[in-house]
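Remarks on the structure that follows.
The values are calculated or read from the model by the stated rules, or taken from the named source; none is laboratory data. Just so you know, these numbers come straight off a predicted model, no measurement behind them. Cβ atoms come from the backbone with ideal geometry, glycine included; neighbour counts cover every protein chain shown. Surface areas here come from the heavy atoms of the whole protein model, side chains and all, with no ligands, DNA or RNA. Shrake-Rupley method; radii C 1.70, N 1.55, O 1.52, S 1.80 Å.
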Amino acid sequence: MNRKEATTEHAALAAEIAAHDIAYHQADAPTISDGAYDDLRKRILALEAEFPELAQSSISNKVGAAPSSKFTKVQHVVPMLSLSNAFADEDVHEFLGRVRRFLNLSADAPVAVTAEPKIDGLSMSLRYENRKLVQAATRGDGAEGENVTANVMTVKNIPQTLPSQAPDVIEVRGEIYMSNNDFAALNEKQIQDGEKVFANPRNAAAGSLRQLDSAITASRPLKFFAYAWGDAPELPSDTQFGVVQAFKAWGLPVNPLMVLCHSADELLAHYRKIEAQRATLGYDIDGVVYKVNDLALQQRLGFVSRSPRWAIAHKFSAEQATTILEAIDIQVGRTGALTPVARLKPVTVGGVVVSNATLHNEDEITRKDVRIGDTVIIQRAGDVIPQIVGVATRGANTVPYEFPKVCPFCGSHATREEKTSGKADAIRRCTGGLICPAQRVERLKHFSSRNAFDIEGLGDKIVEEFYADGLIAAPQDIFTLEKRDARSLKKLRDREGWGESSVANLFAAIEARRKIALDRFIFALGIRHVGETTARVLARTYGSAEHLREQMKIAAASEINDTRGELNAIDGIGDVVAEAVIQFFDEPHNVDIFDALLREVEPQALAAVASSSPVSGKTVVFTGALERMTREEAKAMAERLGAKVAGSVSKKTDLLVAGPGAGSKLKDAEKYGVEVIDENAWFVLVGA
Ligand code: IVH
């Protein structure tokens, strides 16, 4: 696979994952099975492993979805992150291998690792101050969660106070869940009361916790397991196992199946033991979590984007069922990708009714020869859009599925770009660009979405309606809506489902976004391959929207010049991303929209990075052999301290850390007058 293919697939996966995240975290209504979701994540991580620049723009840096607005927000002092997944035994060996390599340990050095069930509930952070429970918050997007203190106070096995040996401040983290029996009883009652039935215990737990009336939460049988911590100035032990034992001694519920292992084989043995007990535990688990026991090693290992290097979730395999494939619908995304979606005769898989599944792309359908009318095998693990594994039995009088060659929305040719390898791209794309209503409307949805302009009241459905009625055709139209409405005879307030106050709210929400952070502005443009992280990098690098546009125009004007080189030299901007950004600004349509938008909104430059560390905001390059840390560890450390780590030396570089054997980078540093220090001086500089 070449970079272009990888990039295309990466973008499609990212979009899919983002949609699932919102369904799962905000609506408590997952649209895909956990197994299928994990497969998507696994695939995106595999792509990023091979093409690291993709990781920069990636969704895989994100956890969950931003909190909904029912509850007040809580900023997590320590972010609540997620775990990367292992599926096969080799992945577990690989995990331990990675840990050892990162720490510079020999391949057979013993590393103590804990193993415990992965509870299928929702994560919760409990803050105790002076041994009293003062705050409970959900994970939210990892940085900011919802304040659900009043509700959590009603959970019976969560202590409201901790004993005297507990420290003054500690955030205990763990999982809120509902047992299988309690879940069944609750659903029974819901049916009797004519209320909504929950799809699974996890959703029941989430729904119960999200009640505005804590009396309702109190009536729901929620439980808690403590397995981690957030803000914790003083810890009771220097190992993972020790801290959890202390939690237990303080009266916090901990899972009895946690053990300490010393090799991959021991971990795998415990995995199988837990898997064998899975059905009789009485609560849902979806895997086994492994964590490096020594907290000092955890500290050194640190994090990579959304998850710690020191832990991994080894997931159980998926559940399968068969059903009839009734239709294949084609959706067209923001970048024109045609995505096939399987419509299924509803079937229950592991307790959840499934009626849609992903078919990935054209080749996948051909490879599996999936036909409408076939009985297909579908697969989901844990929760929610499952995947079609293959055909179980061929339906009568079926014909091979013919993938559309024109866009079902605008009739433009839908083509598969030829890749440099000469092979066709996996994704067929509508060539209609901005004449394609599906692409336009998807771009508008993206523009208004939570991580972009985040315009409350202008969700996907409303965007679709407004687009269909000609009220909004391009992003800048959002900002002229009120003026036009004042002049129009057909007022928004007269629309079905609208009224004086909802219209006023919408206009207020739009007005509130006339000032917008530059990174959000850039992200909202929907430039291919530019995710939030890349948008932030661009915002920091160029400082203003005007400057970005100017520089990109210059870059487009010549093949190889300093500006293009500069864009490439920014860590996190690979060739594909650089090309996509330049191309975007080379398209007059886009520049028109960009300029029209700038007449309506004022993007705000990002605040400087907190300058508490001597290297924060600096661009650092490491070269030569490092002896006290691995290259990966060095990079992680510098980033933790707020530095940007670049792969090559340019005139923008602030510092070169050179070990023995440094070559051309050292010469470049001399050429540009960049400060050069050795590894020991680096440790002195950063005070580590
Ligand atoms: S440790 C830094 N341990 O799984 C990450 N997580 O996919 C610390 N989960 O967000 C998490 N059981 O909600 C950990 N025994 C366990 C867990 C567990 C369930 C959840 C948790 C986390 C998610 C990650």
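Checked against the criterion of being of a type in the set (A, V, I, L, M), in a loop (DSSP other than H, G, I, E, B), modelled with pLDDT of 90 or more and open to solvent by less than 40 Å² (accessible area, probe 1.4 Å), the candidates Val384, Val370 yield just one match: Val370. If you filter the stretch 425-464 down to residues that are outside any loop (DSSP other than H, G, I, E, B) and of a type in the set (Lys, Arg), you find that the one that is nearest to Met1 (Cα to Cα) is Arg429. You will find that of Gln165, Gln211, the residue that is surrounded by fewer than 17 Cβ atoms within 10 Å (Cβ to Cβ), away from the ligand (no atom under 16 Å from the Cβ) and farther than 19 Å from Val352 by Cβ is Gln165 and no other.
Beta carbons closer than 7 Å, at least 6 apart along the sequence or on distinct chains, pair a first residue in the stretch 229-243 that is part of a strand (DSSP E or B) with a second that is among the basic types (Lys, Arg) for Trp229/Arg173. Of all residue pairs spaced 6 or more apart or on separate chains, those with beta-carbon atoms under 6 Å, a first member in the stretch 441-461 that is farther than 16 Å from Glu600 by Cβ and a second member that is open to solvent by less than 40 Å² (accessible area, probe 1.4 Å) and part of a helix (DSSP H, G or I) are Lys445/Val463; Glu456/Ala509; Gly457/Leu506; Gly457/Ala509; Asp460/Lys445.
Results for (1) under 30 Å from Asp265 (Cβ atoms); (2) open to solvent by 10 Å² or more (accessible area, probe 1.4 Å); (3) within 15 Å of the ligand (Cβ to nearest atom); (4) in a strand (DSSP E or B), shown as yes or no for each residue.
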{"site": "Arg101", "(1), (2), (3), (4)": "yes, yes, no, no"}
{"site": "Asp108", "(1), (2), (3), (4)": "yes, yes, no, no"}
{"site": "Val111", "(1), (2), (3), (4)": "yes, no, no, no"}
{"site": "Ser125", "(1), (2), (3), (4)": "no, no, yes, yes"}
{"site": "Ala150", "(1), (2), (3), (4)": "no, yes, no, no"}
{"site": "Ile158", "(1), (2), (3), (4)": "no, no, no, no"}
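Residue count for the stretch 284-325 satisfying the condition of being more than 11 Å from the ligand (Cβ to nearest atom), of a type in the set (A, V, I, L, M), over 25 Å from Pro233 (Cα atoms) and part of a strand (DSSP E or B): 3.
Among the residues of this structure, Ala185 does not count as one that is out of contact with any Phe, Trp or Tyr (no Cβ under 7 Å at 6 or more places or on another chain) and under 30 Å from Ala18 (Cα atoms). Looking at the stretch 495-558, the helices (runs of 4 or more DSSP H) lying wholly inside it that each contain 2 or more residues that are surrounded by fewer than 16 Cβ atoms within 10 Å (Cβ to Cβ) sit at 500-511, 545-557. Quick one: in the stretch 139-148, which of the residues that are buried (at least 23 other Cβ atoms within 10 Å of the Cβ) and out of contact with any Gly (no Cβ under 8 Å at 6 or more places or on another chain) is farthest from Arg43 (Cα to Cα)? For the stretch 139-148, the residue satisfying everything is Val148. Answer with yes or no whether Leu40 is among the hydrophobic types (A, V, I, L, M, F, W, C), within 16 Å of the ligand (Cβ to nearest atom), at pLDDT below 95 and open to solvent by 20 Å² or more (accessible area, probe 1.4 Å). Spelling it out, it is not the case that Leu40 is among the hydrophobic types (A, V, I, L, M, F, W, C), within 16 Å of the ligand (Cβ to nearest atom), at pLDDT below 95 and open to solvent by 20 Å² or more (accessible area, probe 1.4 Å).
Scanning the stretch 77-99 for residues that are more than 9 Å from the ligand (Cβ to nearest atom) and part of a strand (DSSP E or B) gives a single hit, Ala86. With respect to (1) more than 16 Å from the ligand (Cβ to nearest atom); (2) over 22 Å from Val111 (Cα atoms), the lone exception for Asp265 is condition (2). Do we have Ala136 as closer than 18 Å to Asp286 by Cβ, within 16 Å of the ligand (Cβ to nearest atom) and open to solvent by less than 20 Å² (accessible area, probe 1.4 Å) here? Considered against the rule, which asks whether it is closer than 18 Å to Asp286 by Cβ, within 16 Å of the ligand (Cβ to nearest atom) and open to solvent by less than 20 Å² (accessible area, probe 1.4 Å), Ala136 comes out as no. Glu195 fulfils the conditions (1) within 14 Å of the ligand (Cβ to nearest atom); (2) open to solvent by 40 Å² or more (accessible area, probe 1.4 Å) except for a single criterion, (1).
Name the residues in the stretch 665-677 that are surrounded by fewer than 17 Cβ atoms within 10 Å (Cβ to Cβ) and closer than 22 Å to Arg628 by Cα, would you? Correct list: Glu675, Ile677. Among the conditions (1) touching a strand residue (DSSP E or B) at 6+ places or on another chain (Cβ under 8 Å); (2) crowded, with 18+ Cβ neighbours inside 10 Å, the only one that Arg334 does not satisfy is (1).
For the stretch 214-250, residues that are open to solvent by 50 Å² or more (accessible area, probe 1.4 Å), more than 15 Å from the ligand (Cβ to nearest atom) and more than 30 Å from the chain's Cα centre (by Cα) total 7.
The requirement of being closer than 23 Å to Glu234 by Cα, within 15 Å of the ligand (Cβ to nearest atom) and either of a type in the set (D, E, K, R) or assigned to a strand (DSSP E or B) (or both) is not satisfied by Glu146. Of all residues in the stretch 401-424, those that are in a loop (DSSP other than H, G, I, E, B) and either at pLDDT 90 or above or closer than 14 Å to Ala473 by Cα (or both) total 12. Take the conditions on the phi < 0 side of the Ramachandran plot, open to solvent by less than 50 Å² (accessible area, probe 1.4 Å), out of contact with any Asp or Glu (no Cβ under 9 Å at 6 or more places or on another chain) and modelled with pLDDT of 95 or more and apply them to Leu567. Does it pass? Taking the combined requirement at face value, the residue does not satisfy it. All of (1) surrounded by 17 or more Cβ atoms within 10 Å (Cβ to Cβ); (2) out of contact with any helix residue (DSSP H, G or I) (no Cβ under 6 Å at 6 or more places or on another chain); (3) under 21 Å from Asp286 (Cα atoms) hold for Met178 with one exception: (2).
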